[in-house]
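The values are calculated or read from the model by the stated rules, or taken from the named source; none is laboratory data. Predicted model, so just to flag it, every value in this text is computed and none were measured. Backbone-built Cβ (ideal geometry, glycine too); neighbour counts: all protein chains shown. Areas reflect the complete protein model, heavy atoms only, side chains present, ligands, DNA and RNA absent. Shrake-Rupley method; radii C 1.70, N 1.55, O 1.52, S 1.80 Å.
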2 protein chains.
Amino acid sequence: MAMKMYDLCGEERERRFSPYCWRIKMALAHKGLKADLEACRFVEKSTMAELGGQTFPTLSDGETHVTDSWKIAEYLDQQYPDKPLFAGDESKALSAFFRYWVETQLSLPLLRTVILDIHAHLDEESAAYFRESREQRFGASLEDFAGDSEEAIKQLQAALLPARLTLKSQAFIGGEHPSFADYILFGHFMWARSISDKQLLKSDDTLYAWRERMLDLYQGLGRSATGYDCHGAA
Amino acid sequence: MAMKMYDLCGEERERRFSPYCWRIKMALAHKGLKADLEACRFVEKSTMAELGGQTFPTLSDGETHVTDSWKIAEYLDQQYPDKPLFAGDESKALSAFFRYWVETQLSLPLLRTVILDIHAHLDEESAAYFRESREQRFGASLEDFAGDSEEAIKQLQAALLPARLTLKSQAFIGGEHPSFADYILFGHFMWARSISDKQLLKSDDTLYAWRERMLDLYQGLGRSATGYDCHGAA
């Protein structure tokens, strides 16, 4: 039986914007594995929740249900060891650091940049849920939390500096080949691309060229997804 | 012939405070290699410079002279492949990212914290050189650059968040065993420890326990070095 992944979507079912789901879609493609993607709106978590999945993505593989993108990556390498996502224990440990860097340094300025775009692409019921839950979490209206998007983009660009320097001398965060760390960072860019027409990177940024390479991987899996392709125009 | 490493020192020749030199001293110990350490003050670069070494550390191995800690680590793994500093190409690529993270996110608040302590531990001629070159680089007096050290320590503690989270579920940045990434971060803590009595970490910080483990490595190489042992007291 094919694997199944619950994939967050907007009002349009083909608009898939979860950065954590993108990590796993890229990871599955990296390993040459197939999964049926079930598009779920924010307010359609019931089937996934019955399986114990509280967050996107959740992966079902036969009787096994794994939630959380990091745990899913570990599960995939354990169950399907060919074409590993982590070249070894040390790579996995260093990728864990990279993950925390992305989640603590990039998530906030990026969310500020796209939060109103996310809200605008949700069905009515999901939009109400999103507004209420996020306004409670951040203690501010979505509009106040977003603030000045130009300023948030500048913060994002500044926070990206270590990745920018790294990509001056290597094609991918993982070196010559993309690794799970690349999918983690790319997931954040797909989050933006799928939902927002804001330009995040300048075309002379090493990250711009890296993102182009990432968009081309696996027959253009990212590039062909529903979204906006104007990010990073010169 | 034994390898030789040029190691920056203060007025007291046993006070070795260069973070980049500490990376390599730990790397040599990791690999079980010996090098004669030649203590050099800032104004005593002449011998090293004759070998082409403009910065600390410079390593001389027979007729080969390598400068820059990253290049030295690569050289050591290439020339002495036993007990690698990088478990493989992907680990090395991810370690490069870690290096840039340390150098762009931690160096500045840490330097602000300890710059006056560095100055206070230099011989008169080196202190004059240090003041002039750094005041030119930063466009401010050492005192103005340092500013409020409590505030700089808070900035440092905030910047360390991704490492702190990583060390909640693994003993070292490299996983179960220390890797070159650990030596990179530890070098920065040895920079402070060798020259300053300021307390950088709280004792309930996962980084505090990690630093204790690092200080114990290789018969307490870091712990027994000339410096201050009061960092991180509760």
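Observations on the structure shown:
- Ranking of B:210, B:70 by solvent-accessible surface, largest first: B:70, B:210 (1.4 Å probe, protein heavy atoms only, all chains present).
- Charge-dipole axis of chain A as Lys and Arg at +1 and Asp and Glu at -1 on Cβ define it, positive-most pick from A:111, A:184, A:56: A:184
- Pairs exceeding a 25 Å alpha-carbon distance, out of B:4/B:31; B:71/B:198; A:154/B:198: B:71/B:198; A:154/B:198.
- Per residue accessible area in Å² of the stretch A:183-234, where ligands, DNA and RNA are left out and the probe is 1.4 Å: 40
- Calculated label separations, residue A:202, copies of the chain, 7 Å along the beta-carbon direction, nm: 3.9
- Rolling a 1.4 Å probe across the protein heavy atoms gives the stretch A:4-152 an accessible surface of 44 Å² per residue.
- Ascending distances from the residue B:138 label point to its copies in the other chains, with the point 7 Å along the Cα-to-beta-carbon line: 3.5 nm.
- Only Lys, Arg, Asp and Glu carry charge here, each on its Cβ (+1 for the first two, -1 for the last two); on that basis the protein assembly as shown has a dipole of about 500 debye about its Cα centre.
- Part-to-part distance (alpha-carbon centres) for the stretch A:164-206 and the stretch A:1-49, which is given in Å: 21
- Interface size A-B, as summed buried accessible area [1.4 Å probe, Å², nearest 100]: 2200
- Restricting attention to the stretch A:1-146, close to 55% of DSSP beta bridges with both partner residues there are antiparallel.
- Distance to the B-onto-A rotation axis is smallest for one chain B Cβ; residue and value in angstrom are B:94, 2.
- Spin-label pair residue B:131/residue B:202, simplified geometry with 7 Å Cα→Cβ offset, distance in nm: 3.7
- Per-residue 3J(HN,Hα) values for the stretch B:213-225, derived from phi via the Karplus relation 6.51 cos²θ - 1.76 cosθ + 1.60 with θ = phi - 60°, read 4, 5, 5, 7, 4, 6, 6, x, 3, x, 5, 8, 6 Hz in sequence order (x marks Gly and Pro).
- HN-Hα J in Hz across the stretch B:104-111 - Karplus 6.51, -1.76, 1.60, θ = phi - 60°, x for Gly and Pro: 9, 9, 9, 4, 5, x, 6, 5
- Distances from residue B:51 to itself in the other copies, using label points 7 Å out along the Cα-Cβ axis, amount to 6.0 nm in increasing order.
- For residue B:39, the residues 5 or more places off, or on other chains, whose built amide H falls under 5 Å of its own are B:7.
- Backbone amide hydrogens, once placed in the peptide plane, bring residue B:174 within less than 5 Å of B:179, B:182, excluding anything fewer than 5 places away on its chain.
- Fraction of accessible area attributable to carbon and sulfur, the protein assembly as shown (%, probe 1.4 Å): 48
- Given a 1.4 Å probe and the protein chains as shown, residue A:64 ends up with an accessible area of around 60 Å².
- Rounded to the nearest 10 square angstrom, residue A:150 shows an accessible area of 110 square angstrom against a 1.4 Å probe.
- List of the stretch A:64-91 residues, accessible area with partners at least 40 Å² below that of the chain alone (1.4 Å probe): A:90, A:91
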